[in-house]
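Step one of this worksheet: look at the structure below.
The values are calculated or read from the model by the stated rules, or taken from the named source; none is laboratory data. Since this is a predicted model, take the numbers as computed values, not measurements. Quick reminder, even Gly has a Cβ in these numbers, built from the backbone with ideal geometry, and neighbours come from all protein chains shown.
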Amino acid sequence: MRVSLNYLRWLEADEPRLEPVDLQADSALKWFCKTLTPPLMKVLPGRYSRVAECDHEMAVFPHEKMLFEKVLIPLHQAKVAFVLGHELGCIALSGMVAEMLAILRFQISPHGTGASAMSPSRQERLFGRTFEQIEHSRRVGILELLNLIDAPTAEMFKTIAKIRNAYLHRFSHSHADMGTDAITAYSTAVGLSIKVLGLGIDGFHAKISPEVRAFIRKSEASSEPPA
């Protein structure tokens, strides 16, 4: 029987030292990119190029705390994960972004905010639980039923969920196509971000959905200190 020794260890960082010693960057990179074949500094730019083709429209992004935490930072981490050879991490984070976008789409709509918004108790009566607490597949179905997303957008949510569930919940699922599936998951999450947030460039002006603008204004107003 063959075994792997210390696969999870960064041995240079584990070594006991009498005095602190600066670790070399190439040692860290070699450990971070354990699944890739050297020379890493030739491999990494190629992997970046493969996953960078789809997110040009994300160059301008609204600077709002929740959108940063729930969308932009996870997308960045998904992209970094792919570049470093962590395709499973890329898939998982892309799936997280899709779930956050589904919840956001409901929250910024008239059903989730404003005078005619559904109260949590009404959501529980209609959906069994609040919208945020129900299963992701049901969220997507409700969004389509309420005409908050169209059929192609619902299919994008389904695409990511199918990839994510296969790799994260199926022991029998092969990893043979994981690199391609990771790119699909990331590019689809980027596409959903653009659609749900209404991002784009119009001439010299950045575009964003009016509902997202209202969400940001409300967020900014709630974070302002009292006069």
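Of note:
- Take the conditions (1) crowded, with 16+ Cβ neighbours inside 10 Å; (2) assigned to a loop (DSSP other than H, G, I, E, B); (3) touching a residue at least 60 places away in the same chain (Cβ under 8 Å); Gly85 misses just one of them, which is (3).
- Checking the stated criteria, Ser94 turns out to be of a type in the set (Ser, Thr, Tyr) and either out of contact with any Asp or Glu (no Cβ under 9 Å at 6 or more places or on another chain) or part of a helix (DSSP H, G or I) (or both).
- Top-ranked residue of segment 60-82 - restricted to ones that are in contact (Cβ under 8 Å) with a residue 40 or more places away in the chain and not in a helix (DSSP H, G or I), ranked as nearest to the chain's Cα centre (by Cα): Phe61
- Subset of segment 88-116 [touching a Pro at 6+ places or on another chain (Cβ under 9 Å) and modelled with pLDDT under 95]: Ser116
- Residue satisfying all of: in segment 104-140; among the small types (Gly, Ala, Ser) and in contact (Cβ under 8 Å) with a residue 12 or more places away in the chain; farthest from Phe68 (Cα to Cα) among these: Ser137
- Selection status of Arg129, farther than 24 Å from Ala214 by Cβ, among the basic types (Lys, Arg), touching a helix residue (DSSP H, G or I) at 6+ places or on another chain (Cβ under 8 Å) and surrounded by fewer than 16 Cβ atoms within 10 Å (Cβ to Cβ): yes
- Scan segment 104-117 for residues that are in contact with a Phe, Trp or Tyr (Cβ under 7 Å, 6 or more places away or on another chain) and part of a helix (DSSP H, G or I) and the total you get is 1.
- Qualifying residues in segment 175-218 (those that are out of contact with any strand residue (DSSP E or B) (no Cβ under 7 Å at 6 or more places or on another chain) and basic (Lys, Arg)) - the one nearest to Arg164 (Cα to Cα): Lys195
- Enumerated helices (runs of 4 or more DSSP H) restricted to segment 144-227, each holding at least 1 residues that are at pLDDT below 95 and surrounded by 14 or more Cβ atoms within 10 Å (Cβ to Cβ): 210-223
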